[in-house]
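This report concerns only the one structure given below.
The values are calculated or read from the model by the stated rules, or taken from the named source; none is laboratory data. Worth saying up front: this structure is predicted, and the values here are computed from it rather than measured. Cβ placement follows ideal geometry from the backbone for every residue including glycine, while neighbour counts extend to all protein chains displayed. Accessible surface is based on the protein model in full, side chains and every heavy atom, while ligands, DNA and RNA are left aside. Shrake-Rupley method; radii C 1.70, N 1.55, O 1.52, S 1.80 Å.
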Amino acid sequence: MKYQKLLSEFEGQLDTLESGNGDVLFKAEKGIAIVEKCIRKLQKQITGKTFATQADEIYFFKHVKPQIFSKLIYYARLFSIESKRPRGNNAAQIKYLQHQIDKLQAFFNDNLEFYNYYRRGAMSLDEQYFVRGNRDLRLPLESFHFLIDNQFSTCQDGTVATIMAYDMLIVYLRKEVDDLNNTLEPQKNTPMEKPSKLFWTGSKTDLIELLYALHASESINGGTVDIKEMASHFEHFYNIDLGNYYHTFIEIRSRKTSRTRFLDKLIELLHQRMESLDE
């Protein structure tokens, strides 16, 4: 299908939006517009068309469409949550944000059977869940108007998109709560004295991939250091602002090809260096 080029352009537009200026409400509103435009293009390409194989159809509705549709749900919910966020003291904001997290997690409990099916990577019911024509009266809460078109939806692709969106939202909200808690209780860590003369010149995403790999290896402080402290160290040491690294890690996890793109490249380059020295 021709949607691969569309997906690349879409991801590039969202990357530009997220790394640019503007407050969260501006980005959410702009994000909704970008996603809706992409979905309409994709809808035009898919509606009335047949897939080469049923496996292709399942792959599209289980992996491709939810990747885009989840961003629409994410930005719409983000806009709603942030526009109603209290502007009072930190404690009031934390209470509000925690309540939003609880509401999002309730969705997982309400859809536990399918949630567990999707999370464990099961495939036995894919033909029922991700092939057009098998309609289900139980649609996800986020039943946008796109779901009305039975040529562009299956009974569970919207649920997958909602799971992905809520994962991203929970990560965002938890970081907001963490930041507010740290303002209430400033960390007593002594600041690093000397400014670093090193600058990270690769992409932020690559450094975040490396950060999470080191954290997972438990090679620093025997695994007792948390990701936030490590991220702060990386930011100071390499003179870089990693931004919302939690959100970026979700993007890394959802890659269609290699999830460990930068680490794979490092291994390859190190092998080349050693081989050149062996000659």
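Could you list all residues from segment 218-227 that are without any contact (Cβ under 8 Å) to a residue 12 or more places away in the chain and either over 22 Å from the mean Cα position of the chain (by Cα) or open to solvent by less than 40 Å² (accessible area, probe 1.4 Å) (or both)? Answer for segment 218-227, where residues must be without any contact (Cβ under 8 Å) to a residue 12 or more places away in the chain and either over 22 Å from the mean Cα position of the chain (by Cα) or open to solvent by less than 40 Å² (accessible area, probe 1.4 Å) (or both): GLU218, SER219, ILE220, ASN221, GLY222, GLY223, THR224, VAL225.
For segment 148-169, what are the residues that are under 19 Å from VAL35 (Cβ atoms) and open to solvent by 10 Å² or more (accessible area, probe 1.4 Å)? Selection gives ILE148, ASP149, MET164, ASP167.
State yes or no: is THR47 on the phi < 0 side of the Ramachandran plot, touching a residue at least 24 places away in the same chain (Cβ under 8 Å) and either β-branched (Val, Ile, Thr) or not assigned by the TED database to the domain that holds ILE163 (or both)? Against the criterion (on the phi < 0 side of the Ramachandran plot, touching a residue at least 24 places away in the same chain (Cβ under 8 Å) and either β-branched (Val, Ile, Thr) or not assigned by the TED database to the domain that holds ILE163 (or both)), THR47 qualifies.
Output the residues belonging to segment 16-44 that are within 18 Å of SER203 (Cα to Cα) and either of a type in the set (Gly, Ala, Ser) or surrounded by 15 or more Cβ atoms within 10 Å (Cβ to Cβ) (or both). Across segment 16-44, the qualifying residues are LEU17, GLU18, SER19, GLY20. Restricting segment 92-127 to residues that are assigned to a helix (DSSP H, G or I) and among the aliphatic types (A, V, I, L, M) leaves a set whose member that is surrounded by the most Cβ atoms within 10 Å (Cβ to Cβ) is LEU97. Listed by position, the helices (runs of 4 or more DSSP H) contained in segment 13-89 that have at least 2 residues being acidic (Asp, Glu) and out of contact with any helix residue (DSSP H, G or I) (no Cβ under 7 Å at 6 or more places or on another chain) are 54-59. Just checking, does segment 100-116 include any residue being in contact (Cβ under 8 Å) with a residue 24 or more places away in the chain, assigned by the TED database to the domain that holds ASP179 and over 21 Å from ASP157 (Cα atoms)? Checking segment 100-116: at least one residue is in contact (Cβ under 8 Å) with a residue 24 or more places away in the chain, assigned by the TED database to the domain that holds ASP179 and over 21 Å from ASP157 (Cα atoms).
Quick check: is even one residue across segment 57-66 within 23 Å of GLY121 (Cβ to Cβ) and among the β-branched types (Val, Ile, Thr)?
The answer is yes, given that some residue of segment 57-66 is within 23 Å of GLY121 (Cβ to Cβ) and among the β-branched types (Val, Ile, Thr).
Do we have SER143 as open to solvent by 30 Å² or more (accessible area, probe 1.4 Å), assigned by the TED database to the domain that holds GLN54 and modelled with pLDDT of 90 or more here? No; evaluated as a whole, the condition is false for this residue.
Counting only residues that are among the charged types (D, E, K, R), on the phi > 0 side of the Ramachandran plot and in a helix (DSSP H, G or I), segment 217-260 holds 0 of them. Condition (residue is hydroxyl-bearing (Ser, Thr, Tyr), within 29 Å of GLN105 (Cβ to Cβ), open to solvent by 40 Å² or more (accessible area, probe 1.4 Å) and out of contact with any strand residue (DSSP E or B) (no Cβ under 7 Å at 6 or more places or on another chain)) applied to segment 45-53: is it met by at least one residue? No, the conditions are met nowhere in segment 45-53.
When restricted to residues that are more than 17 Å from ALA28 (Cβ to Cβ) and crowded, with 21+ Cβ neighbours inside 10 Å, segment 61-91 contains 3.
Just one residue in the set LEU180, LEU210, LEU214 is open to solvent by less than 90 Å² (accessible area, probe 1.4 Å), in the same structural domain as ASN90 (by the TED database) and not in a loop (DSSP other than H, G, I, E, B); that residue is LEU180.
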